[in-house]
Structure formats: structure tokens, C-alpha cells
Amino acid sequence: MRIRVVNPNTTASMTRLIEASARAVAGPGVLVEGVTSSMGPASIESHYDEALAVPGLLAAISAGERDGVDGYVVACFGDPGVDAAREIAAGPVVGIAEAAMHAATMVGRGFSVVTTLSRTRGRALDLAVRHAPAGACRGVWACDIPVLDLERDPSVLPRVIALAAEALDRDGSDVIVLGCAGMAAFCPEVSAALGVPVIDGVTAATLLVKSLITLGLRTSGRDEYAPPPVKRYSGILAAFMQPGADGSRQGGVTAKEDS
């Protein structure tokens, strides 16, 4: 089984940390490959960043399809491009926010998210509406630490622990969700300090993808997640045309077959 964990930003050191977390839980017989996006922002901390991260993500998914990858993890808590990736991937595609939030609802009545910058709180709340029952997400708390500082600032871990403790108390939650792929390595220490389940989306998504593949499940090719319509793309996105759009079989993104 081959699972590709795609980091939609272009920071390779973060990809290495994400890959290590995914491999730690994947188990025998699972090849986990961390991939850094070939284009886009160094970190994803705004709607603008997220929008410009999607082409690189889709290029990585397209490459995975050519390489025979069985399933994918989108390793950014905003879950950028997950729906688009599902249109072109034969195997399952899971975002780390959706995986973490689903898991949180199975081990507690309510969860709080501890994330990076306050400007990303709205996106996390939007995803909670989609992925969790009403009221399950009790709050989203920002430590206001830039994503790229997570791996180089020694004060980050104690700050995350303190903020998570405050979130549990004020929200009345019983589970913490770490709201950034760059926090993946913090999970055991935060959980030990707080005595509650602490969920990292990278590991949760890796195991969910593994489970879906084991069950023989793939994204439906009917209706919304069917391959995207063939049409011409222009300018710097011309390489993303579906095969046949220009009268040939060339194209940067290879769509899955209809199910």
C-alpha cells in the first residue's frame, strides 16, 4: 500500500516532520511518502496563500496518479484543494482537519482547536461546520505563532500546552485538536501534560486513508466528484488541461476514470 502525504506549502523541512509523523503510525506494509509542493507559498496562513497552494497540490496528486499511489493525505489544516483532488485521484483523498475533527467526535463530546495565527480561526470554524455535529467544536484558539516558527522556536510547545489547557477550561471541551500540520510532533507531549485526547490531523488522516484503502473504498466518480469537464486552460495554468482538451492526449492533470 502506498500513501502520499502532500505538504501544500513549499517548505521541505516541514514535509520531513509531517512524513515522520505519518510513518510512525502507518504500520507494516504501508509505504508513506512525504511530498513538498513544487509551487506556491512557503506557508499557508491566509485565504490568498491557500488559493495559490492548490495548483501545486493538484500537480502533486497528478504525479501520484502516474506513479500508482493508492491514497493521499492533504497536510494543511485548511484542507486546501481536497475537493478538487478527489476529482482527479483514483484512491481516497483526506484532509487533516476533516480527519482530526471526525476523530475528535468519537472520543469526546466536544473539542477545541488550538491553531497558529488568529486570522486562520474563521477557516477552522468553517471546516468544523462541515465535519462535526453542531456544537461539537466548542472553540478555536490561536497561539499567534507563525507556521514556520513552530519548528524553530523552543517556546512554542509550552505556549501550546498553556493555551490548550485554557481552551479545555473555558470551552468545557474534553478533546484538543491541533490545528496545523506543523504541530504534529507535539501531540504526545500535549496529551501527557493535559491528560485528555489530543489529536493530530496528520496521523489521523494517514490511518483513515489506510482504512479506506483496506476496505477497497474510493471516491465516487458520480456527479460532483466525477472527473472535471474537459476544457481549455490558458496562461500559466495551461499545463493543467485535462487530456484531450487541445485535441491531444496531453495534460498536466490526469483525471480518474468514471466509477
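Derivation of every value follows stated rules applied to the coordinates shown; laboratory data play no part. The shown structure was predicted, so the numbers you read here are calculated from the model rather than taken from an experiment. In this analysis, Cβ positions are derived from the backbone assuming ideal geometry, glycine residues included, and neighbour counts consider all displayed protein chains.
By the count of other C-beta atoms within 10 Å, a proxy for reagent exposure, HIS47, HIS131 are ordered fewest to most as HIS47, HIS131.
Shown here are the Rg and Dmax of the Cα trace of the chain, at 18.1, 61 Å. The residue among LEU148, ALA90, PRO197 whose Cα reaches farthest toward the positive pole of the charge dipole of the chain, with charges on the beta-carbon of Lys, Arg, Asp and Glu, is ALA90.
Taking only the Cα atoms of region 97-197, the radius of gyration and Dmax are 12.3, 36 Å. Relative to one another, the C-alpha centroids of region 178-234 and region 93-139 are positioned 12 Å apart. Across region 130-170, the residues whose backbone nitrogen lies under 17 Å from the label position 7 Å along the beta-carbon direction of TYR48 are 147. Using alpha carbons only, the radius of gyration of region 34-159 set against its Kirkwood radius gives Rg/Rh = 0.98. Using a simple spin-label model with pseudo-atoms 7 Å out from Cα toward Cβ, LYS231 and LEU125 lie 3.3 nm apart. Taking region 6-78 as the region of interest, what is the percent of Cα-Cα pairs per 10 angstrom bin, listed from the shortest bin to the one with the maximum distance? Calculated P(r), rounded to whole percents: 21, 51, 25, 3.
For GLY78, no residue 5 or more places off, or on another chain, has a built amide H under 5 Å of its own.
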